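Nothing in this text is a laboratory measurement; each read-out follows from the coordinates by a stated rule. Note that the structure is predicted; figures quoted are calculated from it, not measured. Here the Cβ is made from the backbone with ideal geometry for all residues, glycine too, and neighbour counts use every protein chain on show.
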Amino acid sequence: MFRLYIKMKILKLLLLCSIVFSTGMSAVNAEPDSSIDIKKPPVVLAKWYKPENKRQVWLHTMFKLRREMQAMREYAGQEDEVHMRKWLANFEKHYNKISEMVPEWEDKIKPELVSSVRKHAQNKDFYNVAITLNKIRETCDNCHDDYQPQVTAIYRSPDYSDLKINDVDGEPQNIENNMQDLSMYVNRILISLADGNNQAALNTTQNFKQQLKNLRSSCQSCHKDDEYPQERILGEATSNRIKSLEKNIKLGHIKESQKLMGEIAVTVCARCHNTHRIVYDLRESLLPEKKK
Ligand code: HEC
Ligand code: HEC
Ligand code: HEC
């Protein structure tokens, strides 16, 4: 939590600097444009990813393209025309699939370059094969620069929308409400400790413990048979900290209890947020129309 807080401070500072700079430099604009330009990929792409497709077709086409580019390069270096042409045929098929799958991206590829690779290979002009492969590489890089991170975030990051987690009364709630309750319990404990209301702190710790236990039962909906991710964040170390917290509150050790809360915030909340929440927020901001 504390580290996150510092990160937020730095971010705010950077934001402030950029606003000051941009107002300074474009004094005519009353409203500085602080928006970030992230291009949205065509929606048709969804057809080539789960759950609309049985497989991650787009991604696997990309892996094939990379392997085929490497094979062509290596065989061109060995001046092995026969193998070179075998991989070129596969490459051509998959490269053209880009615009078959996403017609909006037709202008991103240059099939004519594939034809010239073939021509140069036939002439055993491997120098120009290499030059042309570099030009093809540029078409890959250009599209990746514009779209790769957001496509990964949208189509390959975990989706929590169907997740139902029980609250402390056994009523199902979504991840967002589970988090809001968790945050409320954390702060209620901290407020009570600060004001010496030890009994209230102890009572809330029971709810906090139950809420974390319920959260843990949701991990396996994605982490199936893998116990390690749960163990790392909500395992023995965490339950020991909570036991120790209860003991310290009962003994009236406020400082020690506050320190334990800080440790829990870092090892439970921040640690999970670093893998799960960052991509979640990015994904949501790219899909504003998506149901929560
Ligand atoms: C699965 C690992 C995980 C753990 C453990 C976790 N969080 Fe979260 N948290 C998330 C995800 C994913 C989101 C984004 C969901 C959302 O905002 O709806 C989130 C969002 C939040 C939010 C924003 C909720 C909103 O209104 O959008 C708060 C506040 C929060 N977490 C607090 C906590 C606290 C406090 C803890 C520790 C006691 C904690 N979280 C532990 C995954 C986790
Ligand atoms: C019109 C756009 C476009 C073009 C052209 C394109 N790609 Fe991609 N590529 C993408 C997108 C979008 C992703 C992100 C896919 C994802 O993360 O699921 C991607 C991801 C990849 C990846 C996966 C990277 C990783 O490890 O996660 C590889 C490899 C790749 N592309 C290779 C290539 C090669 C080689 C070419 C050129 C011959 C190429 N791509 C041309 C859009 C494109
Ligand atoms: C909606 C799906 C989803 C849910 C629910 C989910 N995770 Fe994850 N988690 C992922 C994905 C995807 C990754 C990255 C790939 C991987 O490691 O499996 C990941 C990675 C992790 C990692 C880092 C990699 C590792 O194995 O150490 C941890 C730790 C983790 N999750 C903990 C949790 C905990 C704890 C919960 C429950 C509170 C949880 N996750 C719930 C999807 C999910």
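Just in the range 137-184: which trypsin sites (Lys or Arg not before Pro) are loop by DSSP and have at most 13 other Cβ atoms within 10 Å? Present the calculation step by step, with values, prior to reporting the outcome.
Numbers: sites: ARG137, ARG156, LYS164; in loops: LYS164.
For trypsin sites (Lys or Arg not before Pro) across the range 137-184 that sit outside H, G, I, E and B with at most 13 neighbouring Cβ atoms in 10 Å, the list reads LYS164.
Dipole magnitude of the range 43-156 about its Cα centre, charges +1 at Lys/Arg Cβ and -1 at Asp/Glu Cβ only, in debye to the nearest 20? Mind showing how you got there, number by number?
Numbers: 20 positive and 17 negative charges, 104 e Å.
Dipole of the range 43-156, to the nearest 20 debye: 500 debye.
Suppose every K and R has +1 on its Cβ and every D and E has -1 on its Cβ; what is the size of the dipole of the chain about the Cα centre, in Debye to the nearest 20? Kindly include the intermediate steps, with their values, before the conclusion.
On the way: 45 positive and 39 negative charges, 124 e Å.
Computed about the Cα centre, the dipole is about 600 debye.
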*Relative contact order of the chain: what whole-number percent is it, with Cα pairs under 8 angstrom and at least 6 residues apart?*
16 percent
_Using +1 at the C-beta of Lys and Arg and -1 at the C-beta of Asp and Glu, which of MET72, PRO42, LEU182 has the Cα lying farthest in the positive direction of the dipole of the chain?_
LEU182
*Acute angle (nearest 10 degrees) that the helix 236-250 long axis makes with the longest principal axis of the chain, alpha-carbon atoms*: 20 degrees
*What are the principal axis extents of the Cα atoms in the chain, in Å, biggest first?*
86, 58, 35
_Quick one: 3J(HN,Hα) in Hz for the range 73-80, Karplus 6.51/-1.76/1.60 with θ = phi - 60°, rounded, Gly and Pro as x._
4, 5, 6, 5, x, 8, 6, 9
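Compute, for the range 236-276, the length of the dipole vector about the Cα centre, with Cβ point charges of +1 (Lys, Arg) and -1 (Asp, Glu) only. Units Debye, rounded to 20.
Working: 7 positive and 4 negative charges, 21 e Å.
About 100 debye.
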*Long-range Cα-Cα pairs in the range 165-286 (distance over 22 Å), rounded percent*: 36 percent
*Across 5 Å bins from the origin, how do the percents of Cα pairs in the range 203-248 run, short distances first?*
5, 20, 28, 22, 14, 7, 3, 0
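Cα-Cα over 20 Å: which of LYS209/LYS247; LYS39/LYS93; LYS50/LYS86; LYS97/LYS135?
Values: LYS209/LYS247 14 Å; LYS39/LYS93 27 Å; LYS50/LYS86 31 Å; LYS97/LYS135 18 Å.
Listed pairs above 20 Å: LYS39/LYS93; LYS50/LYS86.
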*Can you tell me the alpha carbon radius of gyration of the range 43-156 divided by the globular rule-of-thumb value 2.2 N^0.38 Å?*
1.12
_For the chain, with +1 on Lys and Arg beta carbons and -1 on Asp and Glu, the positive-most of PHE208, LEU251, HIS120 along the dipole_ = LEU251
